[in-house]
Amino acid sequence: MTEPLSHPLVTSAVKLAEELDSQNFPHAALYVLATPIGNITDISLRSLKILGMVDAIACEDTRNTAQLLKRYGIEKSLFAAHQHNEQEVAEKIIQRLQNQERIALVSDAGTPGISDPGARIVHAVLQAGLQVIPIPGASAVATALSASGLLSDQFYFAGFLPSKARQRDTVLTELAQLKATLVFYEAPHRILESVNALLESYGPDRKIVFARELTKLFEQVHRCTLGEACAWLAADAHHQRGEFVLLVEGAPPSSESGAIEVERILKILLEECSVSQAANLAARITGEKKNTLYQMALNFSQHDTDTN
Ligand code: SAM
């Protein structure tokens, strides 16, 4: 067995630590720092360096952060910065930064400000003319997307859906025409209800990906259609447990309502332009194929001539 101190990881860490020593870590700056979302070793050397060097750490829950620091042998002064005290904590942080301190801001897991406290503190610090430095790391949304297998090159992060059915349905209706992959965070006790609502709003054909317990022992990424999703959740009690990211395929390119909208645009353009101009413009507006639109425009204008 390799001796711990001669382990290749230790050798590289020592070399990289020397490199870190030559980097710049300004005073009077707030370091917004991402922490692991499950696997405690998912943290960068730069993050550890900063956690070790700052004057204090503002944490969503000091007990959680204390546990993380303990694993890395870091002792630091901690204070709470959660959704109920963000405003007053922002003032405290600003004062300390004005005294040339370095402060780190962390949440319980992942990146602060992403469905977590932090945004108001960052805003206040910037308003006070002070520096905010992002220290990247884990976030459940990026982790889930990277393994989803969904092909869209755009995504819309919707965070948690509202818990009240009416508000939730309003949000789902607003998102219905988006072609981008839809990404939601969800809690285990609401997973079934939310997936049912997704099925009702978007029908059975769209793909859904359940990214569950990412980076943890029981990590699972399950891909199916919305029509199959409830059966999968019901098939095993474990399927409804833990932390979830839900990814839902965006609206199909020529959904019925999309087709109606294309038709409407084309007909308006035909009132003012020739068939080929209308097809060209409609292609630019809707992103549909020019040839298809030309054929449609031809049919509409032919139909108009026949009926006049
Ligand atoms: N700020 C965090 C981030 O950057 O991902 C998110 C915090 S939010 C309060 C917590 C939610 O993120 C969970 O309810 C779940 O939807 C998602 N999440 C966090 N960790 C996760 C994990 N390991 N696997 C799947 N989802 C996770």
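Before moving on, here are some points about what is shown:
- Sites GLU101 and THR41, calculated FRET efficiency, Cβ-Cβ separation with R0 41 Å, nearest 0.05: 0.90
- When each of the peptides 113-123, 99-109, 155-165 is scored by the mean number of other C-beta atoms lying within 10 Å of its residues, the order from highest to lowest reads 99-109, 113-123, 155-165.
- A 1.4 Å probe, protein heavy atoms only, puts the accessible area of GLU271 near 140 Å².
- Simple spin-label estimate for CYS224 and THR170 gives 3.2 nm between the two label positions (7 Å along the Cα-to-Cβ direction from each Cα).
- Relative to the current alpha-carbon distance between THR62 and ALA180, full extension at 0.36 nm per residue lengthens the span by 38.8 nm.
- Candidates GLY242, GLY129, GLY250: whichever shows maximal mean-square fluctuation once the chain is modelled as a Gaussian network with Cα springs under 10 Å: GLY129
- More than 28 angstrom apart: percent of Cα pairs within the chain: 56 percent
- Cα principal axis extents for the stretch 201-288, largest first, Å: 62, 24, 13
- Using just its DSSP H runs of length 4 or more, each adding -39500 (n - 2.57), the chain gives a mean residue ellipticity at 222 nm of -14500 deg cm²/dmol after division by all residues.
- Rg and Dmax over the alpha-carbon atoms of the stretch 141-248 stand at 12.7, 36 Å.
- In the elastic network of the chain, a GNM with C-alpha springs shorter than 10 Å, the most mobile of SER146, SER194, SER12 is SER12.
- Each residue, GLU271 and HIS189, gets one label point 7 Å from its Cα in the Cβ direction; the gap between the two is 5.4 nm.
- Max mean-square fluctuation residue, GNM over the chain, Cα-Cα springs under 10 Å, options LEU78, LEU97, LEU270: LEU270
- Taking every lysine pair in the chain that is 8 or more places apart or spans two chains, those with Cα atoms closer than 26 Å amount to 20.
- Whole-angstrom Cα spans of the stretch 21-138 along principal axes, big to small: 36, 35, 22
- When +1 charges are put on Lys and Arg Cβ atoms and -1 charges on Asp and Glu Cβ atoms, the dipole computed for the stretch 21-138 relative to its Cα centre reaches about 220 debye.
- Gap separating the Cα centres of the stretch 77-106 and the stretch 123-139, nearest whole Å: 12 Å
- Length gained on full extension, PHE25 to ASP236, computed as 0.36 nm times the residue gap minus the Cα-Cα distance: 71.1 nm.
- With Cα atoms, 0 to 90° folded angle of helix 226-235 axis to the chain main axis: 40 degrees
- Between the alpha-carbon centres of the stretch 12-40 and the stretch 215-268 there is a gap of 37 Å.
- Heavy-atom accessible area ranking, 1.4 Å probe, most first, across ARG223, ARG212, ARG46: ARG223, ARG46, ARG212
- Percent antiparallel among DSSP beta bridges (both partners in the stretch 21-138, rounded to 5): 5 percent
- Relative to the longest principal axis of the Cα atoms of the chain, the long axis of helix 165-175 makes an angle of roughly 70 degrees.
The values are calculated or read from the model by the stated rules, or taken from the named source; none is laboratory data. Keep in mind that what you see is a predicted model, and the values were worked out from it rather than measured. Quick reminder, even Gly has a Cβ in these numbers, built from the backbone with ideal geometry, and neighbours come from all protein chains shown. Only protein heavy atoms, including side chains, enter the accessible area calculation; ligands, DNA and RNA are left aside. Shrake-Rupley method; radii C 1.70, N 1.55, O 1.52, S 1.80 Å.
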